[in-house]
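Okay, so here's the structure we're looking at.
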Number of protein chains: 2
Amino acid sequence: MKEHNSLKEILQKESKQAWQLYLPHVSIDCVVFGFHDASLKVLLLKLKDQELWGLPGGYLEKQEEIHDAAVRVLKQRTGAENTYLQQFGVFSDPKRSEGFFEGYPDTLWHKQRFISIGFYALVDYTLVEPVSDLISSNCAWQDIDMLPELMMDHQKIFDQALITLKRQLNYEPIGYNLLPNEFTMPELQKLYEVILGRKLNRGNFYRKMIGYDILDKLEETRKGGAHKAPNLYRFNIEKYENAMKNGFKEGW
Amino acid sequence: MKEHNSLKEILQKESKQAWQLYLPHVSIDCVVFGFHDASLKVLLLKLKDQELWGLPGGYLEKQEEIHDAAVRVLKQRTGAENTYLQQFGVFSDPKRSEGFFEGYPDTLWHKQRFISIGFYALVDYTLVEPVSDLISSNCAWQDIDMLPELMMDHQKIFDQALITLKRQLNYEPIGYNLLPNEFTMPELQKLYEVILGRKLNRGNFYRKMIGYDILDKLEETRKGGAHKAPNLYRFNIEKYENAMKNGFKEGW
């Protein structure tokens with residue numbers, strides 16, 4: 001009895017279907033950031049028969065929009081829907097997969113040149129269930145500070161996604177899918193600090209965040225601590241969505 | 001004597017070469033913004049034998065990086081090199097060119113499904129010389145407020161580029177390629193106002209721009225006016241390039 005099909009057998013089987021189903025030369029890679037309890041992780045897949053990990057990815061169906069393809073890939077790997085998902089880069093080095101499929105026939109789907117469209121997503125990682133794909137033996141959250149060795153140009157794709165996410169903090173709200181409905185200002189600050197990878201001044205953070213005008217302060221406070229009960233906030237959905245579309249009020 | 005080859009003849013000739021030279025299914029569209037003397041324009045091509053205009057575009061050579069392809073297209077249409085050029089979107093509606101090549105054989109290069117990668121560029125429009133391509137009868141700067149009817153999804157691509165450029169004002173410096181070496185604060189403000197399409201408060205603009213910390217104030221002032229000679233500024237290249245890479249100092 002065979003324990004599992006080898007990577008080679010799976011690729012060759014997948015290749016035939018892929019030529020039927022997908023548009024050649026275009027692929028998708030998803031950098032799925034997961035936040036929970038003051039830590040930021042990224043979803044990775046471990047390749048069968050190899051020590052390498054990779055980003056969840058896929059291809060574009062012949063009549064599919066690229067954003068729908070990214071939504072489909074994300075749902076297959078995490079079960080998550082209605083997630084914030086944004087295109088952030090195009091990865092087109094002609095040598096990006098050079099050597100990776102050595103020994104395979106040139107007709108193998110995976111061996112053609114792919115222009116990969118990068119998307120990043122933000123989820124609460126305790127709310128999703130990672131699922132491996134056909135060519136992986138594991139799908140798991142990894143700390144962004146301790147990434148394993150990644151296949152092909154996936155480290156570069158990850159780095160670019162993180163830069164884009166940090167930059168996004170300056171012109172778009174984030175946090176709606178990552179924090180509980182009601183949160184304190186220190187909890188929101190923690191999210192920003194984890195993404196930026198550094199501490200922020202508490203007073204500056206408070207002033208700037210209030211200036212963005214996307215929060216409602218609640219009447220009630222958080223009970224139970226030894227200190228003065230901290231104020232609770234909630235995102236004002238209307239203002240939040242407006243800022244997602246038009247940028248922050250304090251911008252130009 | 002024939003006045004010129006018809007669009008149909010040119011497309012069929014171009015098609016044969018294209019299948020040899022380019023990677024299928026991937027195209028490029030460039031939104032080239034031109035600024036000069038308080039007006040913002042975009043570079044458009046008028047299709048031969050049609051009343052439609054379109055964005056300058058092209059395809060990806062079989063062994064070319066996508067950014068290099070955009071540089072090549074921009075150089076062919078404007079002669080400009082070393083221009084600020086940024087990828088901003090991917091346009092993948094499966095019906096984006098539907099009906100456009102009706103009557104042509106299915107083997108026509110142009111009739112396949114293309115995923116188009118959008119780039120935008122910023123140039124001083126007095127410094128470049130627009131050049132038509134094979135399928136165009138004219139290449140000209142058009143006011144962004146009075147665009148002619150555009151082919152396929154090019155209006156959507158233009159709109160997305162303009163939104164991205166406006167947003168960029170909040171997190172990256174712009175102006176280095178668009179203004180003379182030395183300029184006054186009102187001249188810089190004008191550039192921002194033309195891109196944003198609205199007036200800005202003079203005091204706020206001054207404070208915010210100084211806060212970005214990318215300008216050097218010169219010793220000399222602008223001579224010759226009836227009023228007090230205005231101060232002159234110059235971009236501090238080191239700080240400017242650092243802000244291009246890392247975002248503005250005043251961000252998070």
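No value in this document is a laboratory result; all are computed from the given coordinates. Nothing here was measured: the structure is a model prediction, and the numbers come from that model. Cβ: placed from backbone, ideal geometry, glycine included. Neighbour counts: every protein chain shown.
Could you list the GluC sites (Glu not before Pro) in the range B:1-110 that lie in coil according to DSSP, counting only those with at most 13 other Cβ atoms within 10 Å of their Cβ?
Sites meeting the loop and neighbour criteria: B:Glu3, B:Glu51, B:Glu81, B:Glu98, B:Glu102.
Quick one: label points 7 angstrom along Cα→Cβ at B:Met146, distances to the other copies in nm, smallest first?
6.4
Please build a GNM for chain A, connecting alpha carbons under 10 Å apart, and tell me which residue among A:Pro24, A:Pro130, A:Pro94 fluctuates the most.
The residue with the greatest mean-square fluctuation here is A:Pro94.
How would you classify chain B from its alpha-carbon gyration tensor, with a ≥ b ≥ c the square roots of the eigenvalues: rounded for a/c under 1.5, else prolate if a/b is greater than b/c, otherwise oblate?
prolate
Treating cross-link reach as a plain straight distance, find the lysines whose alpha-carbon is under 25 Å from the alpha-carbon of A:Lys228, omitting any fewer than eight places away in the same chain.
Correct list for A:Lys228: A:Lys190, A:Lys199, A:Lys208, A:Lys217.
With the Cα gyration tensor of the range B:49-166 giving a ≥ b ≥ c as the square roots of its eigenvalues, does the rule (a/c under 1.5 for rounded; else a/b larger than b/c for prolate; else oblate) give rounded, prolate or oblate?
Note, shape of the range B:49-166 comes out rounded.
Putting +1 on Lys and Arg Cβ atoms and -1 on Asp and Glu Cβ atoms, find which of A:Phe205, A:Gly54, A:Ala140 reaches farthest to the positive end of the dipole of chain A.
A:Phe205
Would you mind working out the magnitude of the charge dipole of the range A:1-73 relative to its Cα centre, with +1 at each Lys and Arg C-beta and -1 at each Asp and Glu C-beta, to the nearest 20 Debye?
Using Cβ point charges on Lys, Arg, Asp and Glu, the range A:1-73 gives about 240 debye.
Rounded to the nearest 5, what % of DSSP beta bridges with both residues in chain B are antiparallel?
Roughly 70 percent of the beta bridges in chain B run antiparallel, per DSSP.
Mind jotting down the distance between the C-alpha centroids of the range A:37-108 and the range A:175-207, whole Å?
First find each Cα centre; the distance between them is then 29 Å.
Which loop chymotrypsin sites (Phe, Trp or Tyr not before Pro) in the range B:93-142, with loop taken from DSSP, have no more than 13 other Cβ atoms within 10 angstrom of their Cβ?
B:Phe100
What nm distances, shortest first, do you get from the label point of B:Asn204 to those in the other copies when the point sits 7 angstrom along Cα to Cβ?
From this label point to the equivalent ones elsewhere in the assembly: 2.2 nm.
What gaps in nm, shortest first, separate B:Gln17 from its twins in the other copies when you place the label 7 Å past Cα toward the beta carbon?
Computed spacing set for this position: 4.2 nm.
With a cut-off of 8 Å between alpha carbons and a minimum separation of six or more residues, what is the relative contact order of the range B:1-67 in percent?
Worked out over the range B:1-67, it gives 33 percent.
Determine the dipole magnitude for the protein assembly as shown: charges of +1 sit on the beta-carbon of Lys and Arg, -1 on that of Asp and Glu, nothing else is charged, the reference point is the Cα centre, and the result goes in debye to the nearest 20.
Approximately 1100 debye in magnitude.
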